[in-house]
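The structure appears right after this line, and notes come after that.
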Amino acid sequence: MHTGPQYTPTPQRPAGARGSALLIGALSFAVVFLLIVSVTVGYLVLRPSRGGGGDGGATASSTSATSTEPTADGSETATGSESATPTEVEAERCWSPSTTERTSQNPSGKLRGGGLQFIPPAVYDQRAAPSGVSFANDLQGAQARVEDSWYSTMFVGTIEWQPGVEYPGAEAASQAIVSCFYSANIWGDTSGRSLEDEVTEPVTIAGLPGYRTTAVITFAEDDLERTDATELVVVVLETDQGPSVFGTETAVGVTKHEEAADAAYDSLTGIV
């Protein structure tokens, strides 16, 4: 029997092998795509800012941190260092330091305090820091007895103003010391006290500029026999050691004390 050429069929791959090849191709594409996306995102996020230093380096912007706190009505109020206001010190009318100290030493024959010194007259034979003097420290005083427990006084010291309150200058300081002296609780059993004839004027003593305030304190009722009034003299001068004060509180009508107060004032000098 005559036959023609034999037909040999092409071998076929199983269906499972084709699916595996497609899966591998898809995974390879996905990996490549993810790499491209990652590189692009990283460039956009991490690339240097152009707006800052001009050297291409990264720049940091600073912001003030604020926080919020609830208020009584339920709303929130921003708080932070920029919105906080410093605590203001309330000025006391007659402030005095809680502790007093002597930082000066008296030279022979003189009393010294702050940047001032004077010669105490012989009749002022008692040494004591004065009472009732506000806005001062490093005080040194001399006293002369009028009668019983009543004394005339003279003193010197440094001006010490209330911390946190601006020093107002010599003029206002002399007025404040006189006012506080008048209202101090040092006047014993007197009553009906009044401040009269108050005068403030500029002075220059031993080349030191400043202000002097004078006034007279009168008493409507008292048990005193030699006087019924006290003269106040308060001088605040600008010295090399800072503003300093000299003052006298003299029983009016006691001639020896009045003359001694004038002599002490005339002897007042700065510290050389």
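The values are calculated or read from the model by the stated rules, or taken from the named source; none is laboratory data. Keep in mind it's a predicted model, so treat the numbers as computed, not measured. With ideal geometry, Cβ positions are generated from the backbone for all residues, glycine too; neighbour counts draw on all protein chains shown. When the accessible area is computed, the model is the full protein with side chains, heavy atoms only, and any ligands, DNA or RNA have been set aside. Shrake-Rupley method; radii C 1.70, N 1.55, O 1.52, S 1.80 Å.
Shape of the stretch 114-154 from its Cα gyration tensor (a ≥ b ≥ c, root eigenvalues): rounded if a/c is under 1.5, otherwise prolate when a/b > b/c, or oblate? Note, shape of the stretch 114-154 comes out oblate. In this structure, the amide hydrogen of Ala129, modeled 1.01 Å from its nitrogen in the peptide plane, lies closer than 5 angstrom to those of Gly141, counting only residues at least 5 positions away or on a different chain.
So if I take the centroid of the Cα atoms in the stretch 226-261 and the same for the stretch 148-194, what is the distance between those two points in Å? Cα centres, the stretch 226-261 to the stretch 148-194: 11 Å. In terms of accessible area, using a 1.4 Å probe and ignoring ligands and nucleic acids, Arg226, Arg102, Arg112 rank largest first as Arg226, Arg102, Arg112.
Each Cα pair under 8 Å and six or more residues apart adds its sequence gap; the mean of these over the residue count of the stretch 109-270 is a relative contact order of 26 percent. Each residue was assigned an accessible area with a 1.4 Å probe, and for Ser244 the value is about 0 Å².
How far is it, in nm, from the label point at Tyr167 to the one at Glu225 when both lie 7 Å from their Cα along the line to the Cβ? For the pair Tyr167/Glu225, the computed spacing is 4.6 nm. Taking other residues whose beta carbon is less than 9 angstrom from the beta carbon of Val236, and scoring Lys, Arg as +1 and Asp, Glu as -1, yields -1. Here's how it looks for Ser267: its modeled amide H is under 5 Å from those of Ile119, which are all 5 or more places away or on a different chain. Taking amide H as placed 1.01 Å from N in the peptide plane, Tyr151 has its amide H under 5 Å from the amide H of Val146, each at least 5 places away in sequence or on another chain.
With viscosity 0.692 mPa s and temperature 37 °C, the Kirkwood radius over alpha carbon pairs of the stretch 109-270 converts through Stokes-Einstein to a diffusion coefficient of 209 µm²/s. Here the Karplus relation 6.51 cos²θ - 1.76 cosθ + 1.60, evaluated at θ = phi - 60°, turns the backbone of the stretch 172-185 into coupling constants of 5, 5, 5, 5, 5, 5, 4, 4, 6, 4, 4, 8, 5, 8 Hz, with x for every Gly and Pro. Remark: the stretch 243-259, residue by residue, has Karplus-estimated 3J(HN,Hα) of x, 9, 10, 10, x, 9, 10, 10, 5, 5, x, 9, 4, 4, 6, 5, 5 Hz, where x stands for each Gly or Pro and the curve is 6.51 cos²θ - 1.76 cosθ + 1.60 at θ = phi - 60°. Each residue of the stretch 260-272 was assigned a 3J(HN,Hα) from its phi angle through the Karplus curve 6.51 cos²θ - 1.76 cosθ + 1.60 (θ = phi - 60°); the sequence is 5, 5, 5, 5, 5, 4, 5, 8, 5, 9, x, 9, 8 Hz, with glycine and proline shown as x.
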